[in-house]
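For reference, the structure is listed below as structure tokens.
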Amino acid sequence: MNGAVTAEARRIHASRLGMWVFLGSELLLFAGLFAVYAGYRARLPRMFVEGSAATDLVLGSANTGVLLTSSLLAVLAVHARRTRHPRRASQLLAGTTALGTLFLVLKAVEYHAHLTGGLGPGGPVFWTLYYAMTGLHALHVLAGMVILGVLAWQLRYRELEAHVLENGANYWHLVDLVWLFLWPLFYLGRR
Amino acid sequence: VIETPPSAASGSVPAAIAPAPIGPSWLDDRSLRSWLAPTDHKRIGVLFLVGTTVFLLLGGVFALLLRAELLTPETDFLPPDQYNRLFTMHGVIMVWLFMIPAIPSGFGNFLVPLMIGAHDVAFPRINLASWYVYVLGGVLVLGGLFLGAADTGWTFYTPYSTTSPSQVAPVVIGIFVLGISSILSGINFIVTTHTLRAEGVTWFRIPLFVWTIYGTALIQVAATPVLAMALALVGVDHVLGWGVFDPSRGGDPILFQHLFWFYSHPAVYIMVLPGMGVVSEVVCTFAHRNPTSYTLLAVSSLGIAGVGFLTWGHHMFVSGMSAFDAGAFGALSMLVSIFSAIKVFTWTGTLWRGNIVVATPLLYVLAFLYLFMFGGMTGVAVATSSLDVHWHDTYFVVAHFHFIMVGGTLTAFLAAAHYWFPKITGRMYPERWGLVAASLVFAGFNLTFVPQFLLGNAGMPRRYATYPAEFQGLNVVSTVGSWVLGLAVVVPLVYLTWSMFRGRPAPPNPWGSRSFEWRSPTPPPPTNFPPEGPRWAIGPYDYDRELT
């Protein structure tokens, strides 16, 4: 193996490793909140059951479907880039960000209904945690959409290396994964 | 065998490491742009060193003011409210703006690539971002300070921190931002160590300093986000009144303490592990021999980093913890002392029958060994819950952690500043002044903090501006000690700054070290090594083999 190839392989390895370490760090950001949730739920089981019963099961579950589908599109985009179809990859990523937007719209509808119904943050801790955790998650959705939007633009009009697209898609999967825990914790634990 | 003066003072260099022809240096580019937007790890490292030193001085001035107020039992010039704000800012600045970034982001940035044979860190632009994020965090904390400062103590315990009328929000947001800088640097060091080691530099051949920076980076990446989250909740609570930790709404203030210490105990190891790396380097170089066990020194760094995550409860023995939990956390805390003792014995064993040369860096390291051991032993004592109930929130605890933080981290920082001064600047510092200042640091430190052990044991609580008259004698000793320590920190600052411009040009390897960072030219060229990278035939501590 000549020197240039080694340096190239190292650069890609470094980029991937850096992203995974960052994702681990992000996971721990949420871990603190999950710890708060676990501690409070153990102390106040009733508040959490009643709170879960008042969240919007239909919209919350629909959003789970939306995010899972968006992640599927991201995976297909990575596959398209690997098989050297950057244009199709770009379209698939645009689909991912569109579904991200749909997710945020549905989330906003939920927030609006709760806030007008008198269930805002600052009351019982269940609702404060609901807004803190889904709110932080929504910020991550937004950040992910910006990242994937830029990558889609680069795929369409510039060059984009496959591993950079993978890193961006992995970030999106993290956002998806966190939601797969938020969904049961806030919507499904209703009895 | 003790030889003085060191080879540096006489200028004699072993023939095997004779000066290389002077080539380009990283210092050649003096343009403003090269300092404003550098991606060179050496410049970013030096920027961090300058920034953290500024905050060391600011935090130090606050400490001197606090000690001056404690000269007499009554209130003299700092009313209790201002006293509270001052000790809070002293803690915040020293922990997050000096100790956490100083050695990893400062010396670590400069040295890690040189020690593993890399041309730079893995992500130079993220490295630059980390510096500016640090600056932003510093500005936010200073902004909070000028708006009136926080008065909660650096621990931000709820519920007081969420209701305090002081400027809690900008300070916790500043710490949140500093956490981002810390995480970015941590990611960089982890990836750099994994992917950029030169050919032949295997994991068990990297210099020991790199092991400690690597262990530190693991803690930075894993613990910092939890603190960031906890402080963000406090900030939101303070501004919007969400009451996440408010018992009347189902919250639990003790939970904040758990989250805070889940970070802040490992953070102690962020502060002291890199110092241990400095000690390992200095001990081997000035004893001119292999460490008694490289493997033990390397692996114990990871051991400390790992066990450090399981000990946080020992800060909360009086917060309503069950006897079983207290016992478990106490026992886990004592595990840290096993890894620390492994290090102390290995360092001592390396010095034992070594070919010792006494110079300023080694003097600081000897001070480190004594102070760290003293601090560590008292740490085992306060980890015993029955004793801790007596000492909790007294000056005993203050003295204990200052023995680790100042006696450990600050002496290691000063050791590093002298040991690598020639490498960084290409000039020598005045050895005699160095020895004087190191002795002053040691004397001033003991004078300041030994009385605080006695005060705490006698029952003087921490964080009060006033105290009963019978405590005055020891407080006077402590305050006078703080003046000696203050002077002792200013002296090196003066002569090191002078030497930066006027010092005698340094030989390429003034200490005759075998470690990898001394095998590049001194000061290093902009890209450290030729494009194909270095080839090092013998290891960083092979003093029994000829350097070719």
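The values are calculated or read from the model by the stated rules, or taken from the named source; none is laboratory data. Remember, it's a predicted structure, so these values are computed and weren't measured experimentally. Positions of Cβ are generated from backbone atoms using ideal geometry, with glycine treated the same way; all protein chains shown enter the neighbour counts.
Residues of segment B:34-45 that are part of a helix (DSSP H, G or I) and farther than 21 Å from B:MET94 by Cβ: B:SER34, B:TRP35, B:LEU36, B:HIS41, B:LYS42, B:ARG43, B:ILE44.
As a summary of the residue check, A:ARG10 satisfies the conditions (1) in contact with an Asp or Glu (Cβ under 9 Å, 6 or more places away or on another chain); (2) within 7 Å of another protein chain (Cβ to nearest Cβ) except for the one numbered (1).
For (1) surrounded by fewer than 24 Cβ atoms within 10 Å (Cβ to Cβ); (2) closer than 29 Å to B:PHE286 by Cβ; (3) modelled with pLDDT under 95, each residue gets a yes or a no:
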residue: B:GLY376; (1), (2), (3): yes, yes, yes
residue: B:ALA383; (1), (2), (3): yes, no, yes
residue: B:SER386; (1), (2), (3): yes, no, yes
residue: B:TYR395; (1), (2), (3): no, no, no
residue: B:MET405; (1), (2), (3): yes, yes, yes
residue: B:GLY408; (1), (2), (3): no, yes, yes
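Within segment A:50-60, does at least one residue satisfy the condition of being within 11 Å of chain B (Cβ to nearest Cβ), in contact (Cβ under 8 Å) with a residue 12 or more places away in the chain and of a type outside the set (Lys, Arg)? Looking for residues that are within 11 Å of chain B (Cβ to nearest Cβ), in contact (Cβ under 8 Å) with a residue 12 or more places away in the chain and of a type outside the set (Lys, Arg), one finds at least one in segment A:50-60, hence yes. Every condition in (1) touching a residue at least 24 places away in the same chain (Cβ under 8 Å); (2) over 30 Å from B:MET115 (Cβ atoms); (3) among the charged types (D, E, K, R) holds for B:ASP40 except the one numbered (2). Residue count for segment B:68-95 under the criterion of being within 22 Å of the chain's Cα centre (by Cα) and under 13 Å from B:THR479 (Cα atoms): the result is 0. Take the conditions buried (at least 16 other Cβ atoms within 10 Å of the Cβ) and facing another protein chain (nearest Cβ under 10 Å) and apply them to A:GLY100. Does it pass? So A:GLY100 does not fit the description; no. Here A:TYR130 meets the list (1) surrounded by fewer than 20 Cβ atoms within 10 Å (Cβ to Cβ); (2) in a helix (DSSP H, G or I); (3) within 14 Å of chain B (Cβ to nearest Cβ) almost entirely, failing just condition (1).
When only residues in segment B:330-344 that are hydrophobic (A, V, I, L, M, F, W, C) and touching a residue at least 40 places away in the same chain (Cβ under 8 Å) count, which is farthest from B:PHE401 (Cα to Cα)?
Among those residues, the one meeting the criterion is B:ILE342.
If the condition is being in a helix (DSSP H, G or I) and buried (at least 18 other Cβ atoms within 10 Å of the Cβ), then segment A:148-162 contributes A:LEU148, A:LEU151, A:ALA152, A:GLN154, A:LEU155. Of all residue pairs spaced 6 or more apart or on separate chains, those with beta-carbon atoms under 9 Å, a first member in segment B:279-301 that is free of Cβ contacts under 8 Å to residues at least 12 places away in the same chain and a second member that is of a type outside the set (Ser, Thr, Tyr) are B:VAL299/B:TRP211; B:VAL299/B:PHE339; B:VAL299/B:ILE342.
For segment B:424-466, the set of residues classified as in a helix (DSSP H, G or I), hydroxyl-bearing (Ser, Thr, Tyr) and either touching a strand residue (DSSP E or B) at 6+ places or on another chain (Cβ under 7 Å) or surrounded by 19 or more Cβ atoms within 10 Å (Cβ to Cβ) (or both) consists of B:THR425, B:THR448, listed by residue number.
Filtering segment B:237-255 for residues that are aromatic (Phe, Trp, Tyr) and within 14 Å of chain A (Cβ to nearest Cβ) leaves a non-empty set. Taking segment A:1-99 as the region of interest, the helices (runs of 4 or more DSSP H) fully inside it that hold 3 or more residues being of a type in the set (Lys, Arg) and out of contact with any Ser or Thr (no Cβ under 7 Å at 6 or more places or on another chain) are A:3-43. Residues being within 30 Å of B:PHE286 (Cβ to Cβ) and modelled with pLDDT of 95 or more are represented in segment B:468-482 by at least one member.
If I go through segment B:164-195 residue by residue, how many of them are surrounded by fewer than 23 Cβ atoms within 10 Å (Cβ to Cβ), more than 13 Å from chain A (Cβ to nearest Cβ) and either among the polar types (S, T, N, Q) or touching a residue at least 12 places away in the same chain (Cβ under 8 Å) (or both)? Looking only at that region, the number is 7.
Give all pairs with beta carbons closer than 8 Å in which a residue from segment B:200-218 that is at positive phi meets a residue that is among the basic types (Lys, Arg); count only pairs at least 6 apart in sequence or on separate chains. Matching pairs, first to second residue: B:GLY200/B:ARG535. Within segment A:44-63, the set of residues being surrounded by 19 or more Cβ atoms within 10 Å (Cβ to Cβ) and farther than 16 Å from A:LEU129 by Cβ comprises just one member, A:ASN63.
What is the one condition in (1) within 14 Å of another protein chain (Cβ to nearest Cβ); (2) more than 30 Å from B:SER248 (Cα to Cα); (3) touching a helix residue (DSSP H, G or I) at 6+ places or on another chain (Cβ under 7 Å) that A:ALA143 does not satisfy? Every condition holds for A:ALA143 apart from (3). Checked against the criterion of being modelled with pLDDT under 95, within 8 Å of chain A (Cβ to nearest Cβ) and closer than 30 Å to B:VAL112 by Cβ, the candidates B:ALA198, B:ALA230 yield just one match: B:ALA230.
Six or more apart or on different chains, Cβ under 8 Å: which pairs go from a residue in segment B:237-261 that's on the phi > 0 side of the Ramachandran plot to one that's modelled with pLDDT of 90 or more and of a type in the set (Val, Ile, Thr)? Could you list them? Every condition considered, the pairs that remain are B:GLY241/B:THR162; B:GLY243/A:VAL125; B:GLY243/A:THR128; B:GLY243/B:THR162; B:GLY250/A:VAL125. Per the conditions (1) surrounded by 20 or more Cβ atoms within 10 Å (Cβ to Cβ); (2) in a helix (DSSP H, G or I); (3) within 14 Å of chain B (Cβ to nearest Cβ), the sole criterion not satisfied by A:LEU136 is (1).
Taking the criterion of being within 21 Å of the chain's Cα centre (by Cα) and more than 22 Å from B:HIS238 (Cβ to Cβ), the residues of segment B:165-191 that qualify are B:SER181, B:SER182, B:ILE183, B:LEU184, B:SER185, B:GLY186, B:ILE187, B:ASN188, B:PHE189, B:ILE190.
In segment A:28-44, the residues that are more than 7 Å from every other protein chain (Cβ to nearest Cβ) form Cβ pairs under 6 Å with partners that are assigned to a helix (DSSP H, G or I) and crowded, with 19+ Cβ neighbours inside 10 Å, at six or more places apart or across chains, as follows: A:PHE30/A:VAL178; A:TYR37/A:LEU129; A:ARG41/A:PHE48.
Here's the yes/no breakdown for (1) of a type outside the set (Val, Ile, Thr); (2) crowded, with 24+ Cβ neighbours inside 10 Å; (3) free of Cβ contacts under 8 Å to residues at least 12 places away in the same chain; (4) away from chain A (no Cβ under 14 Å):
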| residue | (1), (2), (3), (4) |
| --- | --- |
| B:LEU66 | yes, no, no, yes |
| B:LEU78 | yes, no, no, yes |
| B:TYR83 | yes, no, no, yes |
| B:ILE93 | no, yes, no, yes |
| B:MET99 | yes, yes, no, yes |
| B:PRO104 | yes, yes, no, yes |
| B:PHE110 | yes, yes, no, yes |
